[in-house]
Amino acid sequence: MRSFDPFYRIFPVGLLLVFGVTSGCIDEISLDTSAPAPPPLSVFGSVSNGPGPHEVVLRRAAAFEQSLEGNATPITSAEVVLVEEETGTRATMSHRGSGRYKTDEGAIVGAPGRTYHIEIALADDKVFRSRPETMPEPVAIDSLFVTPDTTEDVAQLEVRSQFDDPEGDPGYYRWSTRATFQAPFLPVPLNPPYYCWGDDGVGTDVAVANDRFFDGEVRSGELVRSIPVTEKTSSAYQLDVQQRTLTEDAHQFWKLIETQIEETGTPFSPPPSAIDGNIVNVGNPDAPAFGYFSAVGQSNETFCLNAGNYPSVPLQSYSPLNDCGSRSAVSTERPPYWECSSSRNP
Amino acid sequence: VLIGFVLFLSVMLPTRFAHAQQNDTEERFTVRGRVTDAQENRPLVGATVTLPASDRGASTDSTGAYALSLPPGSYTVKYDFVGYESETRVVELQADRTVNVRLSKSTVSLDELLITEEASERNVESLTMGVERLEPQSLERGPTFLGEPDIIRSLLQLPGVSSVGEGAAGFNVRGGSVDQNLILFDGTAIYYPSHLLGFFSPFNADVVSDVTLYKGGIPAQYGGRAASVLRVEQKVGDRDRYGGRGGVSPITSRLSVEGPIVEDKASFVLGGRLSYVNWLLDAVDNPNLQRSNASFYDANVGVNIKPTEDNEIDLMGYRAYDDVGISDTLFTYATTNASVEWRHLTGDSFVTRLKGAFSNYDFRVRDQDRFEAFTLNSQIRTYKAKAEATWTPNDRHTVDIGLQSAYHEINPGDVAPNSPVSDVDTFATDNEYGIESAAYLSDNITVTDRLSARLGLRFSMFNQTGPSNTYVYASNRPRNPQTIIDTVTTESGEIAKTDYGLEPRVSLRYRLTDQSSLKVGYNRMRQYLHLITNSTAALPLDVWHVSDAYRQPQIADQVSVGYFQNFDDGAVITSVEAYYKWIDNLIDYKPGAELLLNRTLNADLLNGIGRAYGVEMFAEKTEGQLTGSISYTYSRAERKVDGATPIQRINGGDWYPANYDRPHEISISATYTGDDPRAAWNANFVYRTGRPITYPVSKFVVDDRPIAQYSSRNQVRIPDYHRLDLSLRLDLERREKRGWNASWTLSIYNVYGRKNAYSVFFGRKENGNIPQPFRLSIFGTVFPSLTYTFEF
């Protein structure tokens, strides 16, 4: 079942519209705030069950009034170590570009029940450390399925997860996805047919859940991601789903991120609040970094989506890409993880 | 015990002392009686009884009774009540005498203001501070939105009363939150005081006879909320003739009728109000709005029976209902209240009152979305009984004593699927039960001609009763579902937790001169029911909860001091009041707290303290063709949440301004009645500091999405608020034959169309964007309206 927060907001928003629209007054304004604090460090990453590689991303934030472009600067010269506390194993995470730091595969094999943290030393000698997290047991995905939603302007295919929630466990979940679409590619001459593949990003949903309403039951239908029906779904579409179990603190953090993303913002909404993560500034506890380093139990599943299977959804016409090779994030090279095949031939 | 003893002494000793004095000096006789409304026969509470030739005087108590002890002689006694014609009686006092007086309502537009703080004599004479009276018959000249006279909107013009935004439900009194106001409609509790979310007040002004707001100096008979008491009395039907009132405005209509059932013995009053907003929604070229609907109604019924001169019975019923549909979701919420009261007068000095009252508030949400179709219900229900008495043994004492008990039953929420294919599971949180009881004793004492006191003591107790399941959290760790170490089960009929305490109430008035006085007051209030709400403005979907092992009773202590000065025999009255308030056990919320359908709600709550302080200055011109008032208020409302661990702190444990902290407030009101008293021009102006908000300071990229990081709580303010309203009321000639008396009111709300920020919020222009500041101005334009009001 969905969280009750969204409908909690529908009522006032709707009624405000009733009167707000009649007197017609929503304007964007500029806010006179005091000078922004120097942008802090942001840290996002996780260690999961299995050999990894485990990854963390380090960036500088931008002041709110600034454009984000070019300001979320990757940090490339930090020293980062992942520590497994029970065994004392320390694995260096080395920079692999764009502020991404990874362990070598197998350097630490994540195990549920064990406790992990990372240590970050920046070039300016500031040292940060994540508060330790004990990895929850992963919960396997039984199946993924789709419910079409045709009430939006653009029809959506809602991918949902079915799983067996263990009784008594903390029961906090978050889903991450990687979406890849396949498009017919029509070079000259037309034969033989070719395809190219593109990355469809992470989507707009931050999907988190807790088992308050389904502890110990088979949970059917937790929303993982909404996929708009566009030309990208006209051929084959692959969704790689990571179902992660979280600690309560991590769930709280991601829940606040989700709330901020979904929040429409009205006087009837809860006031926005600072989001506290688990990254501590060792030298100055009053200036923490923003972000979270989680220990997660993770199970993976791949789902092949075929929009033609849902009669209620208007099928998009083919839009063959004639410029596959020149588009960014689109490649004529088949990704190594690609498993889906098109049900329709170009 | 000590206070009780002092009270006892104060009741007994001065009486004996007074008698002793009488024997030693000269003989005195008492003139006593009741002051009532001539039409409705209802007691007029707080009417003044004065001897214009001397500085002696008294005011009537809650039963309309008064007493004055004087040496033998001939006296001219004047009886005054705001909105009524004064009466003067010559009393030959050679023995104790009873003089009952019936005052008639002023028939033409009154000279006094919309809001009369107190009648001019009472400004200096009365014991109490921080008490505001509102005259319903002059509401139409107040700030009317779309022509609807509104009691709560009028309250917001008063010093020390504010709200988070124009059109938000509820109000804040002297730094208190919206749930800290005890709102009593004929003694029955109103749990959500609004129609359509705050656009209209729940009271039909035509069936209301008296509105009193106690901001401080709260009498001992009231308790259960930390900040204020708003007492709204339903009128009593006329026992002699049939009549009615009504009004038609662009989106609401109202009608009330009254008259005798048995002449001189029993009467009725019926009232109703209906909205028709939907034509407005359909008129807007917006398909979403055209698919929406919003409507409300309320209905009042009252029966008064006076079988004998000494007995009176009042029956009252009230129903308010709102229905809002937006897309697939239907919201309804309703208040259903009823009460019965029996009053018995024994001799001239003893009035007994027995009352039973019932209040019910419930809301329902029905979602018709196929796979997620559900129905959600929540309800609070209160059964109250009380026995009270007022005894006026002599002219120096008026003693109030009473016992009260209320049984509360709350369903915090249950949800169930309402379609066979719905994915929603059935889920319910445990019902909550509690018994709230109180005993009180209070005495109004005239100590000397200059010094008067009201000493009151209330003892209140709350028993959380079963069945209940209380989760016990580890004491040294932040509360969360993982730190539950035990569950304590209480069976039905057993007590799970008891809280109790004394609530002293003290008011002193010292008359410096005929025209000036100094007053000081102290009161303690204990609140056992808590509205759990984390939105800036209160919602009809917010749920009340009882005090339990983790939600402690809120306790507020207020001290206040005031200087009251009249000029020109009360033609101008002025006052300055200052107060300081401490509040314990305030409830605050963890970021992202889940407040609805949460079995571990206490894990999401934080405990804090509060402080509020301010100065309220008021001046009013009460006579002449131009009358009016001006007030300035400086007030602060701050909170502090400083728990043991970082997650239990807000702003690092420092003080921060409450959402409704609005330091500066200016309110000006003026009425001009020219040579023709049938036309009254009215203007209202209000200015308030913008309320504080939390703002974003930096932004990050998380999973390719921009995310804002916010400042600590409430560090900047939205733009200041100001607004001017004008109105012209024209009373038409009375057509005697039909007894039809009508008027037209043209009102213009927000004359210069200022786009006052209802709210500044951080929204996204489109998916994937960073939140940007937006200003929402609900009443951001000029709202003219024309209302036809009639009386027969």
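Summary table
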read-out: Any chance A:Ser220 is assigned to a strand (DSSP E or B) and either more than 9 Å from every other protein chain (Cβ to nearest Cβ) or among the hydrophobic types (A, V, I, L, M, F, W, C) (or both); value: no
read-out: Residue within the stretch B:157-173 that is over 24 Å from B:Glu638 (Cα atoms) and modelled with pLDDT under 85 present; value: no
read-out: Number of positions in the stretch A:232-264 that are free of Cβ contacts under 8 Å to residues at least 24 places away in the same chain and under 13 Å from the mean Cα position of the chain (by Cα); value: 0
read-out: Hey, A:Phe64 buried (at least 16 other Cβ atoms within 10 Å of the Cβ), at pLDDT 90 or above and not basic (Lys, Arg) or not; value: no
read-out: Residues of the stretch B:220-237 that turn out to be open to solvent by 10 Å² or more (accessible area, probe 1.4 Å) and not basic (Lys, Arg), as a count; value: 4
read-out: Hits in the stretch B:188-204 (condition: open to solvent by 10 Å² or more (accessible area, probe 1.4 Å) and not hydrophobic (A, V, I, L, M, F, W, C)); value: B:Tyr191, B:Tyr192, B:Pro193, B:Gly198
read-out: B:Ser378 away from chain A (no Cβ under 14 Å) and of a type in the set (Ser, Thr, Tyr); value: no
read-out: Criterion violated by B:Arg396 - all others in (1) under 28 Å from B:Thr63 (Cα atoms); (2) within 28 Å of the chain's Cα centre (by Cα); (3) not acidic (Asp, Glu) satisfied; value: (2)
read-out: Qualifying residue in the stretch B:570-586 (condition: within 11 Å of chain A (Cβ to nearest Cβ), in a loop (DSSP other than H, G, I, E, B) and modelled with pLDDT under 95); value: no
read-out: Considering residues of the stretch B:511-567 that are crowded, with 21+ Cβ neighbours inside 10 Å, farther than 30 Å from B:Ile380 by Cβ and in contact with a Gly (Cβ under 9 Å, 6 or more places away or on another chain) only, the residue nearest to the other protein chains (Cβ to nearest Cβ); value: B:Ser560
read-out: The listed residue being closer than 25 Å to B:Glu372 by Cβ and open to solvent by 30 Å² or more (accessible area, probe 1.4 Å), out of A:Asp169, A:Asp124, A:Asp164; value: A:Asp164
read-out: Filtered residue count, the stretch B:651-685, keeping only those that are away from chain A (no Cβ under 14 Å), under 29 Å from the mean Cα position of the chain (by Cα) and not acidic (Asp, Glu); value: 17
read-out: Residue match in the stretch B:301-310 (condition: open to solvent by 30 Å² or more (accessible area, probe 1.4 Å), modelled with pLDDT of 95 or more and within 30 Å of B:Ala65 (Cβ to Cβ)); value: yes
read-out: B:Asp661 vs. criteria modelled with pLDDT under 95, open to solvent by 50 Å² or more (accessible area, probe 1.4 Å) and not aromatic (Phe, Trp, Tyr); value: no
read-out: Among the candidates B:Arg353, B:Arg291, residue that is surrounded by 19 or more Cβ atoms within 10 Å (Cβ to Cβ) and on the phi < 0 side of the Ramachandran plot; value: B:Arg353
read-out: Tally, over the stretch B:479-507, of residues that are open to solvent by less than 60 Å² (accessible area, probe 1.4 Å) and closer than 30 Å to B:Ala58 by Cβ; value: 5
read-out: Conditions (1) open to solvent by 20 Å² or more (accessible area, probe 1.4 Å); (2) within 20 Å of B:Ala612 (Cβ to Cβ); (3) part of a strand (DSSP E or B); (4) out of contact with any Phe, Trp or Tyr (no Cβ under 6 Å at 6 or more places or on another chain); number of the one not met by B:Ser667; value: (1)
read-out: Pair list, Cβ under 7 Å, 6 or more apart: the stretch A:80-97 residue free of Cβ contacts under 8 Å to residues at least 40 places away in the same chain, other residue of a type in the set (A, V, I, L, M) and in a loop (DSSP other than H, G, I, E, B); value: A:Leu82/A:Ile108; A:Glu84/A:Ile108; A:Thr89/A:Ile108; A:Ala91/A:Ala107; A:Ala91/A:Ile108
read-out: Residue that is nearest to the other protein chains (Cβ to nearest Cβ) [pool: residues in the stretch B:767-782 that are at pLDDT below 70 and surrounded by fewer than 18 Cβ atoms within 10 Å (Cβ to Cβ)]; value: B:Asn767
read-out: Count - residues of the stretch B:330-350 that are within 14 Å of chain A (Cβ to nearest Cβ) and open to solvent by 30 Å² or more (accessible area, probe 1.4 Å); value: 1
read-out: Entirely in the stretch B:252-358, the strands (runs of 3 or more DSSP E) that have 3 or more residues that are more than 30 Å from B:Ala406 (Cα to Cα) and over 23 Å from the mean Cα position of the chain (by Cα); value: B:252-262, B:293-308, B:311-326
read-out: Scan of the stretch B:56-96 for residues that are under 20 Å from B:Leu451 (Cβ atoms), among the hydrophobic types (A, V, I, L, M, F, W, C) and crowded, with 19+ Cβ neighbours inside 10 Å, ordered by number; value: B:Ala58, B:Ala67, B:Leu68
read-out: Residues (in a strand (DSSP E or B) and within 30 Å of B:Pro467 (Cβ to Cβ)) located in the stretch B:426-448; value: B:Phe427, B:Ala428, B:Glu432, B:Tyr433, B:Gly434, B:Ile435, B:Glu436, B:Ser437, B:Ala438, B:Ala439
read-out: Pick from the stretch B:719-741, criterion of a type in the set (A, V, I, L, M, F, W, C) and modelled with pLDDT under 85, ranking: nearest to B:Arg691 (Cα to Cα); value: B:Leu732
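Results for (1) under 21 Å from the mean Cα position of the chain (by Cα); (2) closer than 30 Å to B:Phe171 by Cβ, shown as yes or no for each residue.
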| position | (1), (2) |
| --- | --- |
| B:Ser442 | no, yes |
| B:Thr448 | no, no |
| B:Gly466 | no, no |
| B:Asn469 | no, no |
| B:Val488 | no, no |
| B:Ala496 | no, no |
| B:Gly501 | no, yes |
| B:Leu518 | no, yes |
| B:Asn523 | yes, yes |
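The values are calculated or read from the model by the stated rules, or taken from the named source; none is laboratory data. Note that the structure is a prediction, hence the values are computed from the model and not measured. So basically every Cβ, Gly included, is an ideal-geometry build from the backbone, and we count neighbours across all protein chains shown. We work out accessible area using only protein heavy atoms, side chains counted, and drop any ligands, DNA or RNA first. Shrake-Rupley method; radii C 1.70, N 1.55, O 1.52, S 1.80 Å.
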